[in-house]
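To start, the structure itself, in structure tokens.
The values are calculated or read from the model by the stated rules, or taken from the named source; none is laboratory data. Note that the structure is a prediction, hence the values are computed from the model and not measured. Cβ sites come from the backbone with ideal geometry, for glycine too, and all protein chains shown count toward neighbours.
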Amino acid sequence: MSTIVKIGIAGLGTVGVGVLKIIETHRDLLEARSGARLVVTAVSGRDRAKDRGVSIDGLTWYDDARALADDPEVDIVLELIGGSEGIARDLCMKSLRAGKPVVTANKALLAIHGSELATLAEDNNTSLAYEAAVAGGIPIVKALREGLTGNAISRVYGILNGTCNYILTEMEETGGEFDAILQDAQELGYAETDPSFDIDGVDAAHKLAILTSLAFGTPVDFDSVYVEGIRNVTAADITAATELGYRIKLLGVARRTDKGIEQRVHPCMVLRDTTIANVSNVFNAVVVEGDFVDDTIYVGRGAGEGPTASAVVADIVDIALGRHTPTFGVPMARMSDIPKVSVDDHIGCYYVCLTVYDRSGVIADVAAVFRDENISIESLLQRGRSRQEAVSVILVTHQVQEAALVRALEKIEKFTHSVAKPRMIRIVSL
């Protein structure tokens with residue numbers, strides 16, 4: 001005879017409704033796989049009367065989601081509210097203190113308070129599960145925490161935000177500028193009314209902070225993630241990338257170096273024949289480099305009702321089966337205190353676009369600055385030829401320390417013949 005596992009859902013938005021649908025649709029399948037009858041007993045949302053396309057009749061309703069932690073008819077609490085503070089954090093902390101397992105899709109909460117919550121889970125001998133918090137339906141948390149546990153990870157990177165990937169894909173395919181494509185994405189529902197978290201890289205940085213902890217066994221450290229979004233990527237950059245044999249992607253990259261761990265989110269130029277360069281539109285992709293397994297690649301939908309709810313339900317089944325793994329793969333007491341490396345110390349090749357007046361001696365002045373900072377130029381291309389008018393000069397550097405390139409561009413920006421702030425995009429070798 002199957003046991004009954006009673007579930008309380010805080011947040012009846014897209015993901016919460018998706019969970020209700022999956023449990024209703026696959027009730028018998030889930031029972032066969034988990035050995036338990038999964039039953040939603042209580043919910044909390046903003047508007048009890050709202051038509052969500054699923055019935056909540058017969059379920060206990062709470063106006064304050066925190067009450068789910070006290071309900072004896074709730075065995076597992078799903079936190080699907082979102083946000084790093086407020087009710088979401090309170091509910092998770094209260095539930096874990098009560099010894100109740102928590103399943104969350106809240107990457108912001110985990111990026112900011114993950115270590116605190118993981119400690120609470122351990123202290124109260126319960127689980128904090130969050131497969132849905134990173135890359136939607138891609139089972140990357142389970143892969144890092146369990147499937148690749150026999151490997152030392154050297155690098156984990158990927159496309160972690162579907163909105164940005166859609167915008168960059170459309171910019172390449174249509175030749176449109178960023179603002180116009182963003183507006184289209186908002187009209188199609190791929191971007192929020194306020195898209196800042198997505199296009200400024202914050203959403204991807206939250207996810208990368210979690211992946212870094214899983215990959216390297218270090219406490220979650222969102223403050224050490226370098227974050228740069230895609231607002232400044234232009235159609236001209238996209239065209240130049242194509243001509244140079246690259247595509248531009250917003251990547252999150254965590255890499256172990258001799259000095260420590262890099263954590264950075266920013267636009268990258270990647271060779272067009274790599275797998276990650278060919279992941280388009282709203283899809284996500286994550287690549288993990290392990291010493292025994294080499295590269296493993298995970299591609300799928302990173303958001304949406306179905307994929308995210310699917311990941312939530314997978315965590316519920318794990319809990320019902322009694323599977324218990326340390327939140328970030330390593331007990332908190334055994335986490336490694338590996339230093340985080342500043343992006344200034346990053347060494348790589350760069351694409352640089354300068355907008356300068358077409359005057360004699362300009363290139364010589366630029367070359368002198370690069371010489372003084374010990375920067376070697378691999379290639380140079382001038383776009384246009386209009387005496388005394390502004391033209392674009394595109395440079396590709398050999399490997400250089402980022403701090404040196406930043407100093408050089410700051411000097412060039414001050415030239416009297418500079419028209420606009422120089423743009424640079426990191427070229428990533430994958």
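Can you tell me which residue is surrounded by the most Cβ atoms within 10 Å (Cβ to Cβ) among those in segment 396-430 that are charged (D, E, K, R) and part of a loop (DSSP other than H, G, I, E, B)? Let's see the steps before the verdict.
Let us first name the residues in segment 396-430 that are charged (D, E, K, R), namely 402, 407, 410-411, 413-414, 421, 423, 426.
Within this subset, residues satisfying the condition of being part of a loop (DSSP other than H, G, I, E, B) are 414, 421.
Values: K414: 8, K421: 12.
Only one residue tops the list, namely K421.
Restricting attention to segment 78-91, does a residue exist that is farther than 25 Å from G304 by Cβ, among the hydrophobic types (A, V, I, L, M, F, W, C) and crowded, with 17+ Cβ neighbours inside 10 Å?
Within segment 78-91, not a single residue is farther than 25 Å from G304 by Cβ, among the hydrophobic types (A, V, I, L, M, F, W, C) and crowded, with 17+ Cβ neighbours inside 10 Å.
Name the residues in segment 278-290 that are more than 17 Å from R145 (Cβ to Cβ) and in contact (Cβ under 8 Å) with a residue 40 or more places away in the chain, would you? Working first, answer last.
Taking segment 278-290 as the starting set, the residues that turn out to be more than 17 Å from R145 (Cβ to Cβ) are 278-285.
Selection gives V279, S280, N281, V282, F283, N284, A285.
Go over the candidates L144, L117, L148 one by one and state the one that is hydrophobic (A, V, I, L, M, F, W, C), in the same structural domain as A10 (by TED's automatic domain parsing) and buried (at least 17 other Cβ atoms within 10 Å of the Cβ). First the steps, then the outcome.
Values: L144 fails: in the same structural domain as A10 (by TED's automatic domain parsing); L148 fails: in the same structural domain as A10 (by TED's automatic domain parsing).
Criteria check complete, one pass: L117.
State whether the residues of segment 119-142 include one that is under 25 Å from T163 (Cα atoms) and of a type in the set (D, E).
yes
Can you find a residue in segment 16-35 that is surrounded by fewer than 24 Cβ atoms within 10 Å (Cβ to Cβ) and not in a helix (DSSP H, G or I)?
Yes, that holds for at least one residue.
Where in segment 236-303 are there strands (runs of 3 or more DSSP E), lying wholly inside it, with at least 3 residues that are among the hydrophobic types (A, V, I, L, M, F, W, C) and buried (at least 21 other Cβ atoms within 10 Å of the Cβ)? Reasoning before the result, please.
Values: elements: 246-256, 261-271, 283-290, 294-301.
Of the strands (runs of 3 or more DSSP E) lying wholly inside segment 236-303, those with at least 3 residues that are among the hydrophobic types (A, V, I, L, M, F, W, C) and buried (at least 21 other Cβ atoms within 10 Å of the Cβ) span 246-256, 261-271, 283-290.
Please identify the pairs in which a residue from segment 220-240 that is assigned by TED's automatic domain parsing to the domain that holds Q263 has its Cβ atom under 8 Å from the Cβ atom of a residue that is part of a loop (DSSP other than H, G, I, E, B) and surrounded by 21 or more Cβ atoms within 10 Å (Cβ to Cβ), counting only partners at least 6 apart or on another chain.
Partner pairs satisfying both residue conditions: V220/F328; V227/G201; E228/G201; G229/G201; I230/G201.
What do you reckon, is A67 more than 18 Å from A209 (Cα to Cα) and surrounded by fewer than 20 Cβ atoms within 10 Å (Cβ to Cβ)? Explain how you work it out, then say what you get.
On the way: more than 18 Å from A209 (Cα to Cα): yes; surrounded by fewer than 20 Cβ atoms within 10 Å (Cβ to Cβ): yes.
Criteria met by A67.
Could you please find all residues in segment 151-166 being among the hydrophobic types (A, V, I, L, M, F, W, C) and surrounded by fewer than 23 Cβ atoms within 10 Å (Cβ to Cβ)?
Within segment 151-166, the first condition is being among the hydrophobic types (A, V, I, L, M, F, W, C), and the residues that meet it are 152-153, 156, 159-160, 164.
Once the filter is applied, which keeps residues that are among the hydrophobic types (A, V, I, L, M, F, W, C) and surrounded by fewer than 23 Cβ atoms within 10 Å (Cβ to Cβ), segment 151-166 yields A152, I153.
Taking the residues in segment 349-384 that are of a type outside the set (S, T, N, Q) and at positive phi as candidates, determine which candidate is modelled with the lowest pLDDT. Steps first, please.
Restricting attention to segment 349-384, the residues satisfying the condition of being of a type outside the set (S, T, N, Q) are 349-354, 356-359, 361-373, 375, 377-378, 380-381, 383-384.
Those still in the list that are at positive phi too: 361, 384.
Details: G361: 79, G384: 63.
The extreme case among them is G384.
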